[in-house]
């Protein structure tokens, strides 16, 4: 029976071939299997780090732990910004604006034969901003004459739909645009019903920002330094009157990028690449000394292995008779219809045709 089954499995008997397997299928063959995902919870600190040349747009964080390691023994990791990282760094460093900040890092790491091949981290920040405590309301007469004139031009432009917008590519244009998106509920003594309709970036002397200050060597680092000393004049109205608020430029730009609910709560998500690095000394948590954040690490191992036919000889012998009967019956039924199951017959017919 074994001999008959082997002969049958080599040609037309598909069911029998499935039981015994073709010669090439009976050999071990490569497969890809995924190990059960594992997770590891670590408490980590987060700190900014210099990446590349000054002026590059790279943003990176360092995460580390003193309470455990991953499966490779790593306890320090580098996170490089992919999307939303600049805002995250500003958020964690803006103590005057945000409170009750909670951060979580979720990492998915794919491995091949145990070696890290790809890793992506998602960082979620939840916090709250203080309503009614940002900036100070000022009278226009207290501002310098050039500033009053520039604000009047901004106010007039807001009423003219055909006025050209500020150049978006400039530092001043980007800063004023983002600051004008600030939720007016954050402004000190604004009260309900106020709407921000215009903004103007001011330098350290309280004068309108000059485009000439934006040099060819302008960099993100230079922007952060400027925002630390600059202010934004926000024009707001409640429908009956308009007023001016002076807000630190960094906080105004940051607040304009946050979507806050009725209680001032916000959520920000960013995407990062993730890789282990040698441990670093002297790291301090960003966003408050001594703060730690949970890191959730999920690892998936892609393993190329060998798959063999583990069925016993007894099982194959038991399945062979019904498989052969099915092959014979199906072949008997299909042959009169010209639908042969056997590739061998087709080969023989081709040879006969060639002989003619």
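For the pair residue 138 and residue 39, the difference between a 0.36 nm per residue extended length and the Cα-Cα distance amounts to 30.3 nm. Ranked by how many other Cβ atoms sit within 10 Å of their own Cβ, fewest first, the residues 203, 141 fall in the order 141, 203. Between residue 303 and residue 83, full extension at 0.36 nm per residue minus the direct alpha carbon distance yields a gain of 76.2 nm. If the segment from residue 49 to residue 329 were pulled out straight at 0.36 nm per residue, it would be longer than the present Cα-Cα gap by 93.4 nm.
Label-to-label distance for residue 113 and residue 317 is 4.1 nm, based on points extended 7 Å past Cα in the beta-carbon direction.
Readers should treat all values here as calculations from the given coordinates under stated rules, not as data from a laboratory. Quick caveat, the model's predicted, so the values are computed rather than measured. Cβ coordinates were reconstructed from backbone atoms using ideal geometry, including for glycine residues, and neighbour counts include every protein chain displayed.
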